[in-house]
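The values are calculated or read from the model by the stated rules, or taken from the named source; none is laboratory data. All values reported here derive from a predicted model rather than from experimental measurement. Neighbour counts are summed over all protein chains in view; Cβ atoms, including those assigned to glycine, are modelled from backbone coordinates with ideal geometry.
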Amino acid sequence: MKATKNFYSCQECGSVHKKWTGKCPDCNSWNSLVEEYETGGGVTGSASGALSTNLTLKGEDLMNRNKIELANLDSGTVAIPRVNVGIEELDRVLGGGLVAGSAILIGGDPGIGKSTLLIQAAASLSSQNKQVFYISGEESVDQVRLRAKRLGLEKSGVKLASATNVLDILKTIDTKNLPSLVIIDSIQTMYVDVLNSAPGTVSQVRACGSELTILAKKKNIALMIVSHVTKDGQIAGPKVLEHMVDTVLYFEGERSHQFRILRSIKNRFGAAGEIGVFEMNNYGLSQVNNPSELFLSASDLNVSGTSVFAGMEGSRPILVEIQALISPSFLPTPRRAVVGWDLNRLAMIIAVLNSRFELILSDKEVYLNIAGGLKINEPAADLSVALALISAAKDIVLPKNAAIMGEIGLSGEVRMVSHIDSRLKEAIKLGFENLILPAAIEKLKNWSKIKKDIGNVKIHLIGHIRDTIKFFK
């Protein structure tokens, strides 16, 4: 009988240690080390052989190995076929539809709507006479049927199963009539029985992800895997899982809002950073084809401390409302609270306003909110945030129907932003009458064409943060 040795792997970073400690020495996470086992020799087996490790070839064995074939980069190019799921927002995020043989990882908070979105996608694909397997390790078949009935999808031809053994799942998938799509919900409930560790541990997640991905690419099957997230919002399990797959999607949204954002973090077959917008209702997730109108539903209120930012999410321009509130504080350190933006970026903007605009907020509490539950990461929102803060502090309303964009440097200068054409087109399409833009836009070669396309819309060019004083006289 082969000897068994134990080790301890961190469930946060995946590092392996010989003995247990209360805190992982690599990532400093507390109580994250879990005991796992390895059979003697370090070699484990599986149906597809993907779990074999620590193999050493002798010289005579190396001579008997087969050589791999090498091809030129410009020869034998074949167009990769795509299949439209039938949900436009999902197809947009995927880069134009599902790619055969691709592996897609979807993460999100519990109850955000991952399973709902996937069962809707499975039903939509099944209506196109495509065979879809939906395998759940968290729910029974009857529970999945109950959700499908609530969504009005009980008559779709999706094949259901409740299983957690990956080797059994691989045998079920590998049949004569191969499915077009396999959905695994979720990877943390799956296990490979040749490993002694519990489901959800680093070794199990890594092994299960590897087995499923290898079969999907070998048989040209699209694979969608649901993954849990940590309390920090990161994909749970080893980071290598995100490297294995072709696409990583995050399902975002605030519990207090009905809107959901599907964002691509990694995509080998499309643009990373693309988003799809959905609305949660009694019938599941509905697509939002024009998210700008959604996030600007209350932007016509004549209230100080609000501004409209013309942003970009992937290749899609989106206009969102930024809300700021300034209130007196009696605390030694006034509070700064942000929802939907970077707190460090807000601190920088406050410092610039203090030094370059002479707006003192050191004794004030500052609250900033991105309306609609959207999260903004680009620095192009700096000017819009700064104007919202000044408007709130001075209690003066900004020009009506004004779309704002621009990055602010530490010296107070307003810098140019990317994709200016797309931002302006979206603002004009939604009827904005004022555009507050960086003065550097005049240096663009196509500025005359942009100005001609804008038409009669009033343009305000800002070269330095001090130039915005004209709005608050």
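Inside the stretch 127-146, residues that are crowded, with 21+ Cβ neighbours inside 10 Å and assigned to a helix (DSSP H, G or I) make up a count of 1.
Output the number of residues of the stretch 380-398 satisfying the condition of being of a type outside the set (A, V, I, L, M, F, W, C) and surrounded by 17 or more Cβ atoms within 10 Å (Cβ to Cβ).
The number of residues fulfilling the criteria is 3.
Among the conditions (1) within 27 Å of the chain's Cα centre (by Cα); (2) modelled with pLDDT of 90 or more; (3) assigned to a loop (DSSP other than H, G, I, E, B), the only one that Ser384 does not satisfy is (3). Of the set (1) in contact with a Pro (Cβ under 6 Å, 6 or more places away or on another chain); (2) assigned by TED's automatic domain parsing to the domain that holds Ser264, all apply to Ile318 but (2). Residues in the stretch 349-381 that are over 27 Å from the mean Cα position of the chain (by Cα), of a type outside the set (Val, Ile, Thr) and outside any helix (DSSP H, G or I): 8 in all. Remark: pairs (first residue in the stretch 198-213, without any contact (Cβ under 8 Å) to a residue 24 or more places away in the chain; second residue crowded, with 21+ Cβ neighbours inside 10 Å and of a type in the set (A, V, I, L, M); Cβ separation under 8 Å; 6+ apart in sequence or on different chains) = Gln204/Met190; Gln204/Val192; Gln204/Leu195. In the set (1) outside any strand (DSSP E or B); (2) within 23 Å of Ser315 (Cβ to Cβ), the condition left unmet by Leu435 is number (1). When you scan the stretch 300-315, do you find a residue that is modelled with pLDDT of 80 or more, surrounded by fewer than 18 Cβ atoms within 10 Å (Cβ to Cβ) and either under 15 Å from the mean Cα position of the chain (by Cα) or not assigned by TED's automatic domain parsing to the domain that holds His419 (or both), even just one? There is at least one residue in the stretch 300-315 that is modelled with pLDDT of 80 or more, surrounded by fewer than 18 Cβ atoms within 10 Å (Cβ to Cβ) and either under 15 Å from the mean Cα position of the chain (by Cα) or not assigned by TED's automatic domain parsing to the domain that holds His419 (or both).
In the stretch 328-355, the residues that are not assigned by TED's automatic domain parsing to the domain that holds Ala393 and surrounded by fewer than 13 Cβ atoms within 10 Å (Cβ to Cβ) form no Cβ pair under 6 Å with any partner that is in a strand (DSSP E or B) and at pLDDT 95 or above, whether six or more places apart or across chains.
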